[in-house]
């Protein structure tokens with residue numbers, strides 16, 4: 001057993017909420033009942049005013065910080081920013097992290113048993129949108145007795161949820177913290193997602209999404225999807241710095257085995273993804289990204305889409321993020337200040353690409369922490 | 001109030017209560033915080049420097065990190081009552097363009113800048129060297145101040161750009177007003193302050 005660092009929330013246990021109230025989805029589909037798996041860190045204060053909701057991104061989960069067992073190789077996905085004394089200080093805030101429906105980490109998703117058939121949902125699981133997640137997270141807030149979040153926070157697809165919270169429930173959050181996000185995907189973003197989906201959909205082991213019944217999974221497709229994803233998470237510069245053209249074993253073998261270090265990296269990422277992630281969930285999550293566009297109902301006018309927002313916001317981007325570049329965050333900032341809302345924006349110099357939002361970059365920590373001070377006093 | 005910088009106090013005097021302000025090059029947010037506390041103004045600061053941005057956030061001032069040289073294109077016409085440019089005009093690439101942008105986005109503009117016509121600067125130039133002073137502490141080769149001007153130069157530009165000066169003041173480096181400054185502003189004023197709008 002290895003020692004858990006003192007600035008970690010330590011050992012944590014997920015909780016489960018069974019929601020019997022049907023959820024009407026954006027697609028028109030209905031989930032008659034569903035499970036939400038979540039984790040909490042810190043203590044909810046008497047006024048129930050210090051709760052912070054953390055929304056996860058494409059492949060994330062409710063396991064934001066800490067360890068499930070002392071043998072865990074890795075802590076939660078945002079351990080760098082959530083814990084005692086960290087950007088989101090669990091000594092001051094009651095942190096709630098919810099696994100989104102459609103996921104494969106415990107909340108109801110395509111691999112869950114469909115009560116109507118007794119078999120896994122597979123392709124019958126309805127498509128879910130960012131709005132649907134917000135709706136289900138609001139049910140969780142109700143269950144936890146949280147009428148207003150001090151802040152809703154997220155990076156990437158999680159940031160989109162924070163923005164949608166501010167639109168859908170203007171009075172239920174005081175602050176939205178939107179990190180490395182975009183107000184909608186570009187054609188290029190959708191194109192990458194489509195290639196990833198095609199890799200999965202055309203894998204012979206996909207079986208129209210019913211691969212569970214065949215005791216298999218579309219490993220090849222999921223691997224390619226993940227490799228493609230990882231290319232978009234890193235910047236050209238950081239790839240050059242990390243891998244360059246370094247060759248394994250120092251010489252070319254003139255075959256299709258791993259030659260360059262970057263190939264080894266991508267294969268490793270693919271290998272560790274398969275077995276822990278569900279191909280149907282990958283399809284659903286990328287679709288939720290593609291469909292995200294809060295300005296769709298206001299003829300593409302994001303400022304009008306945010307007209308009901310009341311929350312103050314912090315918007316952060318990273319200079320080397322080409323998946324959701326700074327300019328995309330600026331669109332969100334503009335729509336917020338067009339509505340005379342309190343908003344601050346910082347463009348953080350970081351070479352890491354989109355993945356920077358997961359990292360502990362000193363300047364990122366400074367700003368994040370300074371803003372959370374404001375959240376705490378307000 | 002007494003320990004506040006006089007240039008900030010003059011600006012605060014000029015600004016109507018409860019107005020909407022955009023402060024370009026807002027530094028650590030002191031001016032906006034002063035204006036919020038004394039005049040109930042709201043708005044945003046624009047700042048490029050990382051540490052200043054963090055300082056603004058710590059103060060609870062809305063700050064947007066961006067480069068003024070990239071312009072104000074994300075702000076709609078007439079979206080603010082005042083656009084303030086405090087001790088920054090001389091450091092931007094296109095002062096003339098920025099002044100135009102200020103009066104597109106705001107109803108009125110307020111600009112402060114170090115007066116290059118200050119007597120000590122003139123003396124140093126006569127001595128054959130670029131002036132270095134408390135208001136302009138850099139050497140010519142490392143200064144961010146690339147567009148220095150005098151009061152007269154600025155007023156000439158206003159005329160050319162069809163900008164109407166509504167009020168002006170000069171203060172010395174300790175941000176004080178003295179009688180001599182009123183008589184010979186372009187000679188004795190170290191810092192110039194102007195409030196203006198489209199003519």
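Using alpha carbons only, how many degrees (0 to 90, rounded to 10) separate the axis of helix B:95-105 from the longest principal axis of chain B?
That helix lies at roughly 30 degrees to the long axis.
Using the scaling law 2.2 N^0.38 Å as the reference, what is the normalised Cα Rg of chain B?
Numbers: Rg = 16.2 Å, N = 199, 2.2 N^0.38 = 16.4 Å.
Output field value: 0.99.
Using the count of nearby Cβ atoms within 10 Å as a rough guide to exposure, how do B:41, A:82, A:274, A:377 rank from fewest to most?
Values: B:41 22, A:82 27, A:274 16, A:377 7.
The fewest-first ordering by Cβ neighbours comes to A:377, A:274, B:41, A:82.
Determine the percent antiparallel among the DSSP beta bridges restricted to the stretch A:241-378, to the nearest 5. Before the final figure, lay out the partial values.
Working: 1 of 8 bridges.
Taking every DSSP beta bridge with both residues in the stretch A:241-378, the antiparallel ones total about 10 percent.
Below 8 Å between Cα atoms, with a sequence gap of 6+, how large is the relative contact order for chain A in percent?
Numbers: 770 pairs, mean separation 65.5, N = 378.
Relative contact order of chain A: 17 percent.
Tell me, rounded to the nearest percent, the portion of alpha carbon pairs in the stretch A:1-99 spaced more than 24 Å apart. Each step should come with its number before you reach the end.
Values: 1428 of 4851 pairs.
Cα-Cα pairs in the stretch A:1-99 separated by more than 24 Å: 29 percent.
Which of A:255, A:347, A:203 ends up with the largest GNM mean-square fluctuation for chain A, with Cα atoms connected below 10 Å?
So, out of A:255, A:347, A:203, the one fluctuating most is A:255.
Relative contact order for the stretch B:42-199: what is it in percent, counting Cα pairs under 8 Å that are at least 6 residues apart?
Numbers: 260 pairs, mean separation 34.2, N = 158.
This gives 22 percent for the stretch B:42-199.
Among rounded, prolate and oblate, which fits the stretch B:35-108 when a ≥ b ≥ c are the square roots of the eigenvalues of its C-alpha gyration tensor, a/c under 1.5 means rounded, and a/b larger than b/c means prolate?
On the way: a/c = 1.85, a/b = 1.21, b/c = 1.53.
Oblate, because a/c is 1.5 or more while a/b does not exceed b/c.
Pairs of Cα atoms under 8 Å, at least six residues apart: use those to get the relative contact order of the stretch A:162-298, whole percent. Please list the in-between numbers first.
On the way: 121 pairs, mean separation 40.1, N = 137.
About 29 percent, as a whole number.
Step by step: find N for the protein assembly as shown, compute 2.2 N^0.38 Å, then divide the Cα radius of gyration by it. What's the final number?
Values: Rg = 27.8 Å, N = 577, 2.2 N^0.38 = 24.6 Å.
For the protein assembly as shown, the normalised Cα radius of gyration is 1.13.
Can you show me the helix-derived [θ] at 222 nm for the protein assembly as shown, built from DSSP H runs with n ≥ 4 at -39,500 (n - 2.57) apiece and divided by the number of residues, rounded to the nearest 500.
Numbers: 18 runs with 190 residues, N = 577.
Estimated from H runs of four or more residues: -10000 deg cm²/dmol.
Wrap a convex hull around the Cα atoms of the stretch A:180-275, take a quarter of its surface area, and give that in square nanometres. Show your work: numbers first, answer last.
Numbers: hull surface 33.5 nm².
Value for the stretch A:180-275: 8.4 nm².
What ranking do A:248, A:276, B:195 get, fewest neighbouring Cβ atoms within 10 angstrom at the top?
Values: A:248 13, A:276 10, B:195 20.
Ascending Cβ contact count within 10 Å gives the list A:276, A:248, B:195.
Can you sort B:108, B:167 from fewest to most other Cβ atoms within 10 Å of each residue's own Cβ? Mind showing how you got there, number by number?
Numbers: B:108 22, B:167 13.
By the 10 Å Cβ count, ascending: B:167, B:108.
Can you tell me how the stretch A:114-250 classifies by the Cα gyration tensor, rounded, prolate or oblate, using a/c under 1.5 as the rounded cut?
It is oblate, given that a/c is not under 1.5 and a/b is not larger than b/c.
State whether the stretch A:291-378 is rounded, prolate or oblate according to the following rule on the C-alpha gyration tensor (a ≥ b ≥ c being the square roots of its eigenvalues): a/c under 1.5 gives rounded; otherwise a/b larger than b/c gives prolate, and the remaining case gives oblate. Write out the running numbers ahead of the final one.
Numbers: a/c = 2.64, a/b = 1.31, b/c = 2.02.
Cα axes put the stretch A:291-378 in the oblate bin.
Which percent, nearest 5, of DSSP beta bridges in the stretch A:1-151 are antiparallel?
On the way: 13 of 21 bridges.
Looking only at bridges with both residues in the stretch A:1-151, the antiparallel portion is about 60 percent.
With both partners inside the protein assembly as shown, how many of the DSSP beta bridges are antiparallel, as a percent to the nearest 5? It would help to have the intermediate numbers written out before the result.
Working: 29 of 78 bridges.
In the protein assembly as shown, approximately 35 percent of DSSP beta bridges are antiparallel ones.
Every number in this text was worked out from the coordinates using simple rules, so none of it is lab data. Predicted, not measured: the structure shown is a model, and the values here were computed from it. A quick note on method: Cβ atoms are made from the backbone with ideal geometry, for glycine too, and the neighbour counts reach across all protein chains shown.
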